[in-house]
Amino acid sequence: MRLEIMAHKAKRRVHIGPNATLYFEDYMTMKYQVQEMLRIEKIKDLVLIGEEIDAYNPLIPDGSNLKATFMLEFEDEDDRREALGLLVGIEHKIWIQVGEFEQVRPVCNEDLERSTAEKTSAVHFMRFEFSPAMIEAFKAGETVRLGSDHPEYNYLIESLSDETQKTLINDFS
């Protein structure tokens, strides 16, 4: 099962520059995450199991959106600390664009605020809402671009891979 989920997740991962990654979530990734949490924390109580499910359900797309975990990844702790100070607000500077439609900015961290005025978090939860016309264009194979326009982290991904785009189409059903 682990090999299957890792292959599934690999198709749903998009790197934005060298240190930022969007991990697009779906039912399968969240089911695995809940199972891992239950296993690691040895949770067997039905109430606690329900709480774990409730915590992760909001990360499952519901037909009009893509949902992702956005991670800033720096191997060196000092580099990470410095970067998180420079990248305040980056979660609002990430975007997805379908064809020539306007860029879609995410609704971020609906569970709780993860940034302060001094630093951003290394992990953000994002929901990208699309219009019906954008979804149809996405499904029809229009080019999907992603990027960050943060002044300290400016990157453009010219297009999703065909494999990733085909995988993410399923999130709109």
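The values are calculated or read from the model by the stated rules, or taken from the named source; none is laboratory data. Everything numeric here is computed off the predicted structure, so don't read it as measured data. For neighbour counting, all protein chains shown are included, and Cβ atoms are generated from backbone atoms with ideal geometry for every residue, glycine included.
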Legend entry - The listed residue being in contact with a Pro (Cβ under 9 Å, 6 or more places away or on another chain) and in a helix (DSSP H, G or I), out of 91, 82, 136: 91
Legend entry - Sole residue being out of contact with any helix residue (DSSP H, G or I) (no Cβ under 8 Å at 6 or more places or on another chain), touching a residue at least 40 places away in the same chain (Cβ under 8 Å) and not polar (S, T, N, Q), chosen from 80, 39: 80
Legend entry - Unmet requirement for residue 129, which otherwise passes all of (1) among the charged types (D, E, K, R); (2) closer than 30 Å to residue 81 by Cα; (3) under 13 Å from the mean Cα position of the chain (by Cα): (2)
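I want to confirm something. Restricting to the stretch 143-173 and keeping residues that are surrounded by 17 or more Cβ atoms within 10 Å (Cβ to Cβ) and over 16 Å from the mean Cα position of the chain (by Cα), which single residue is nearest to residue 105 (Cα to Cα)? Even if it seems obvious, please write down each step before you answer.
As a first pass, look at the stretch 143-173 and keep what is surrounded by 17 or more Cβ atoms within 10 Å (Cβ to Cβ): 144, 146-148, 150, 153, 157, 160, 164-165, 167-168, 171-172.
From what is left, the residues that are over 16 Å from the mean Cα position of the chain (by Cα) are 150, 153.
Numbers: 150: 12, 153: 16 Å.
The qualifying residue nearest to residue 105 (Cα to Cα) is 150.
Out of 72, 22, 46, 66, report the one residue that is at pLDDT below 90 and among the hydrophobic types (A, V, I, L, M, F, W, C). It would help to see each step written out before you state the result.
Values: 72 fails: at pLDDT below 90; 22 fails: at pLDDT below 90; 66 fails: at pLDDT below 90.
Residue meeting the stated conditions: 46.
Could you tell me which of the residues 31, 9 is within 24 Å of residue 159 (Cβ to Cβ), charged (D, E, K, R) and assigned to a helix (DSSP H, G or I)?
On the way: 31 fails: within 24 Å of residue 159 (Cβ to Cβ).
Exactly one residue qualifies, and that residue is 9.
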Inset, instruction - Restricting attention to the stretch 24-34, report how many residues are surrounded by fewer than 19 Cβ atoms within 10 Å (Cβ to Cβ), farther than 14 Å from residue 55 by Cβ and in contact with a helix residue (DSSP H, G or I) (Cβ under 7 Å, 6 or more places away or on another chain). - result: 2
Inset, instruction - Tell me which residues, restricted to the stretch 130-144, are more than 15 Å from residue 170 (Cα to Cα) and out of contact with any Gly (no Cβ under 9 Å at 6 or more places or on another chain). - result: 131, 133
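This table checks each residue for (1) closer than 22 Å to residue 58 by Cβ; (2) touching a residue at least 60 places away in the same chain (Cβ under 8 Å).
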{"site": "88", "(1), (2)": "no, no"}
{"site": "110", "(1), (2)": "yes, no"}
{"site": "113", "(1), (2)": "yes, no"}
{"site": "125", "(1), (2)": "yes, yes"}
{"site": "137", "(1), (2)": "no, no"}
{"site": "169", "(1), (2)": "yes, no"}
{"site": "173", "(1), (2)": "yes, yes"}
Legend entry - Residue match in the stretch 143-157 (condition: under 30 Å from residue 76 (Cβ atoms), in a strand (DSSP E or B) and among the small types (Gly, Ala, Ser)): yes
